[in-house]
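Presented below is the structure to which this report refers.
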Amino acid sequence: MSLQVDQAIVAFARVLRGAGLDVPVRNVLDFTESVALLGLVDRDAVYWAGRATLVHRPEDIVVYNRAFAAFWEQQAPSGEQEEPDVIKITLALDDGTDEPQDEIEARPQEPTIHVRFSAAEVLHHKDFADYSPDELDEARALMTTLRLAGARRRSRRQLVSARRRGRPDLRRTVRAALRTGGEPVRRHHTQTGERPRRLVLLLDVSGSMEPYARALVRFVHAAVVGRGRVEAFALGTRLTRITRELSSHDPDRALRNAAGAVHDWSGGTRLGDGIRKFNDDWGVRGLARGAVVVILSDGWDRGEPEVMAEQMARLSRVAYRIVWVNPLKSTPGYSPLARGMAAALPFVDDFVEGHSLAAIERLAAVISR
């Protein structure tokens, strides 16, 4: 390509920059290579080569057209400006229902871009602390669809084995031999069965957890009514067992019963003392033995951190796994510096978030491991 053509391309780029367009050097080089292949004879080809390499936004097309006409075609810019094409965008709420056919036919026929969004998807990642009452009700309905499979453990009960190995099943073998003249033609076996581990949920209902406790208690209710072998407790200034109150399949009734049973809701918190009470009355005596214990708390504790560390150590010796759910973990720059949280963390197997529906779904996956 001649030096004059290169200079013309550079000058054209300067004109575009002067008109307000962002034209990086790499795009000018792309335009130069395109012109080297196409030549300057075909003005339409030069126009589209420049538009493809030098224009990045639809609103810059009008400016580019005026600059191209003035520079390459020596046309003086007119006082009238081209009106950009108007693209109509309609937002349709994806509520799972089909729109009536008569409404679709009544729409204007001009080109339209339809952008659909799902309110449930927006709610999925929204922080519980920012929920409105209506959104909280919708989140409760979504939580009822969660299925907590739970970790499994070996059972003492023996089950029939389809494989020819394992523990011999003498009773079935003898009964089968009676049908073949006393000859044990086929030997039967049993295998050790499995059963889901108990799930224990300890929900912090102190004042610092109030923005999240109102949503997390709905998750606890969904867990209690959704599977067997689940125990639920409220942690505040005292420990309150709320399994029976949350066992109703009517969510409103269950939450009213739980609120009536917990007298220190949105009060203070003594996590260490509450966990000690759980260990003494329930945990060490068998409720937490071999169970998955889930503590839903921000870790703020008015008690002594030594008490928290001692009681978490006791709990870890009998529990199968301890999962701590902290809604503040999603906060940028968060560090577990609260005294209670720092004392408990060495005894925690999984430290997860709990601030949104997406986080609760990940928690369900952790519990099911």
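The values are calculated or read from the model by the stated rules, or taken from the named source; none is laboratory data. Since the structure is predicted, the reported quantities are computational estimates derived from the model, not experimental observations. In this analysis, Cβ positions are derived from the backbone assuming ideal geometry, glycine residues included, and neighbour counts consider all displayed protein chains.
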Within region 275-300, which residues are free of Cβ contacts under 8 Å to residues at least 40 places away in the same chain and under 12 Å from residue 236 (Cα atoms)? 277
Take region 299-333 and flag every residue that is more than 26 Å from residue 215 (Cβ to Cβ) and assigned to a helix (DSSP H, G or I). 305, 306, 307, 309, 310, 311, 313, 314, 316, 317, 318
From the set of residues in region 1-40 that are within 15 Å of residue 71 (Cα to Cα) and over 51 Å from the mean Cα position of the chain (by Cα), which is modelled with the highest pLDDT? 11
Could you list, in sequence order, all residues of region 199-251 that are of a type in the set (Asp, Glu) and without any contact (Cβ under 8 Å) to a residue 24 or more places away in the chain? 245, 250
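Take residue 265 and tell me if it is within 16 Å of residue 238 (Cβ to Cβ), assigned to a loop (DSSP other than H, G, I, E, B) and among the hydrophobic types (A, V, I, L, M, F, W, C).
yes
Here is a yes/no grid of residues against (1) of a type in the set (Val, Ile, Thr); (2) out of contact with any helix residue (DSSP H, G or I) (no Cβ under 8 Å at 6 or more places or on another chain); (3) under 17 Å from residue 322 (Cα atoms):
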residue: 270; (1), (2), (3): no, yes, no
residue: 274; (1), (2), (3): no, yes, yes
residue: 283; (1), (2), (3): no, no, yes
residue: 290; (1), (2), (3): no, no, yes
residue: 294; (1), (2), (3): yes, no, yes
residue: 297; (1), (2), (3): no, no, yes
residue: 301; (1), (2), (3): no, no, no
residue: 305; (1), (2), (3): no, no, no
residue: 309; (1), (2), (3): no, no, yes
Report, by residue number, each residue of region 356-369 that is modelled with pLDDT of 90 or more and not in a helix (DSSP H, G or I). 356
Regarding residue 49, is this residue at pLDDT 85 or above, in contact with a helix residue (DSSP H, G or I) (Cβ under 6 Å, 6 or more places away or on another chain) and farther than 15 Å from residue 10 by Cα? no
